[in-house]
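S.K.: Sharing a structure with you now.
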Amino acid sequence: MHLDPLAILTAFGLIFLAELPDKTMFASLAMGTRMRPLYVWFGTSSAFIVHVAIAVGAGSLIGLLPDWIVKLVSASLFAFGAFMLLRNGGGDDEEEGGTKTVTGFWPVYSTAFMAVFISEWGDLTQITTANLAASNGTWSTAIGAAAALMSVSALALLAGRFIAKRVPLKTVQRIGGLCMLGLAIWTLVEIFTG
């Protein structure tokens, strides 16, 4: 198992920025206001780890293709990610309408796990994780992506209200989109110069 610190940081940075304006962050915030935050974090983190494992597995299979095809797929996925982040603001911070409070570890854990597990299928961060795993290595990408997703969930639970009220999520979304656009261009350049 070879770990590349740059690949870990790249995965962490991209996934962190892509997940910040995501509805999962707002779901964590909403659940944290009605349920015990630590239990919510365990549930969301478990779901994120499962999704990272699935994405990294898919990325490993993509990595078996010829290098230029992998780079072309990678550039396309980065471009798609940039488009999704840049196209229109997002930032939907709708809280779920229910007022019922869930208590106890297993009910809270199960609720948080299922909310994230279901909502993250085919999500931008899952696609980006698969993409990074194909080109940057599975373990490094898995560690960086899982750490980023778990960090966003923790951030939402600890300081979510501050972020939602004071930091313009549209700005964070644009920065993430521009980073992905830059990576798409960089990857295309590598196809023709490498």
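FYI, it's all coordinate maths here, none of it is from the lab. Keep in mind it's a predicted model, so treat the numbers as computed, not measured. Note that each Cβ is placed from the backbone with ideal geometry, even for glycine, and that neighbours are counted across all protein chains shown.
S.K.: For the stretch 1-64, what is Rg from Cα atoms divided by 2.2 N^0.38 Å, rounded to two decimals? Mind dumping the intermediate values first?
M.R.: Details: Rg = 14.4 Å, N = 64, 2.2 N^0.38 = 10.7 Å.
Dividing the Cα Rg of the stretch 1-64 by 2.2 N^0.38 Å gives 1.35.
S.K.: Within a Cβ distance under 12 Å of T187, other residues only, what is the Lys/Arg minus Asp/Glu net charge?
M.R.: Working: positive: K71; negative: D67, E190.
Local net charge: -1.
S.K.: Taking the mean number of other Cβ atoms within 10 Å as a proxy for protection, how do you rank 37-43, 130-136, 115-121 from highest to lowest? Intermediate values should be presented prior to the final figure.
M.R.: Values: 37-43: 21.7, 130-136: 24.7, 115-121: 17.0.
In descending order of packing, they fall as 130-136, 37-43, 115-121.
S.K.: Local charge sum around G144 (other residues, Cβ-Cβ under 14 Å, Lys/Arg +1, Asp/Glu -1)?
M.R.: Details: positive: none; negative: D4, E19.
Surrounding charge for G144 is -2.
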